[in-house]
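What follows is a single structure, and I will ask about it in a moment.
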Amino acid sequence: MSSGHRYEAVGDGNIGVEAEVISPVRDTGSVNDESIGYETSIPIHPKILAPLSYMVPLVAGLIVILLERRNTYVRLHAWQAVIFSLAVGVFSMLLFWVPFVPTLIHIVSFFATGVCMYRAWRDAETLTFFKLGVVGDFAERQVLGSTVLPF
């Protein structure tokens, strides 16, 4: 279905393009040592915020896109959640006349969303972005700024 891509961790938790994962520098004298290197605009750790983008289709992802400005890992997952939910909606509307196809699309999307949520939670420590094929590529283009067109 898709593969994980590794990105370089930058001091504030942002992500560079296709580099090895580098653990954030931790200051042992800090009180809240767990959040160093993973700052977000929203006061929620990326390990929670990235999977939260997938919770309510379209709505949660849009909220995270609008509010989160600092953490690229979280923004990648939010964009992927929004694009995926839009694609599911469009395909189920286009194929509504075929018996059981919209239901099958929604069942598959439910499990795909669960996999994305799990991978966003699990990979938050290494900042590995789990991509859903073309949807993940398009999300990368949106966040990393190369082009907004998928071709």
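Within the stretch 87-107, is there a residue that is within 10 Å of the chain's Cα centre (by Cα) and closer than 20 Å to ASP137 by Cα? Don't jump to the end; show me each part of the working.
Initially, the stretch 87-107 is screened for residues within 10 Å of the chain's Cα centre (by Cα), giving none.
No - not one qualifying residue is present in the stretch 87-107.
Within the stretch 86-107, track down each residue that is among the polar types (S, T, N, Q) and open to solvent by less than 60 Å² (accessible area, probe 1.4 Å).
Taking the stretch 86-107 as the starting set, the residues that turn out to be among the polar types (S, T, N, Q) are 92, 103.
If the condition is that a residue be among the polar types (S, T, N, Q) and open to solvent by less than 60 Å² (accessible area, probe 1.4 Å), then SER92 is the only one that fits.
Can you name every residue in the stretch 38-87 that is assigned to a helix (DSSP H, G or I), of a type in the set (Gly, Ala, Ser) and closer than 19 Å to THR128 by Cα?
Let us first name the residues in the stretch 38-87 that are assigned to a helix (DSSP H, G or I), namely 46-52, 59-67, 72-87.
Filter once more, so that each one left must be of a type in the set (Gly, Ala, Ser): 50, 60-61, 78, 81, 85, 87.
Within the stretch 38-87, ALA50, GLY61, ALA78, ALA81 meet the criteria.
Output the residues belonging to the stretch 115-144 that are within 17 Å of ASN71 (Cβ to Cβ), outside any loop (DSSP other than H, G, I, E, B) and hydroxyl-bearing (Ser, Thr, Tyr).
THR128
A further question follows. Being farther than 16 Å from GLN80 by Cβ and open to solvent by 60 Å² or more (accessible area, probe 1.4 Å) is the filter here; which residues of the stretch 113-144 pass it? Give the steps one after another, and end with the answer.
Filtering the stretch 113-144 down to residues farther than 16 Å from GLN80 by Cβ leaves 125-126.
Matches in the stretch 113-144: GLU125 only.
Given the conditions (1) open to solvent by 70 Å² or more (accessible area, probe 1.4 Å); (2) in contact with a strand residue (DSSP E or B) (Cβ under 9 Å, 6 or more places away or on another chain); (3) of a type outside the set (A, V, I, L, M, F, W, C), report the number of the one that ARG69 does not fulfil.
(2)
On the basis of being assigned to a helix (DSSP H, G or I), surrounded by 14 or more Cβ atoms within 10 Å (Cβ to Cβ) and either under 10 Å from the mean Cα position of the chain (by Cα) or at pLDDT 90 or above (or both), does PHE110 make the cut? Outline the logic, then answer.
Numbers: assigned to a helix (DSSP H, G or I): yes; surrounded by 14 or more Cβ atoms within 10 Å (Cβ to Cβ): no; either under 10 Å from the mean Cα position of the chain (by Cα) or at pLDDT 90 or above (or both): yes.
So PHE110 does not fit the description; no.
The values are calculated or read from the model by the stated rules, or taken from the named source; none is laboratory data. Given the structure is predicted, the values throughout are model-derived calculations rather than measurements. Neighbour counts are summed over all protein chains in view; Cβ atoms, including those assigned to glycine, are modelled from backbone coordinates with ideal geometry. Quick note on the areas: whole protein, heavy atoms, side chains included, nothing else; ligands and nucleic acids left out. Shrake-Rupley method; radii C 1.70, N 1.55, O 1.52, S 1.80 Å.
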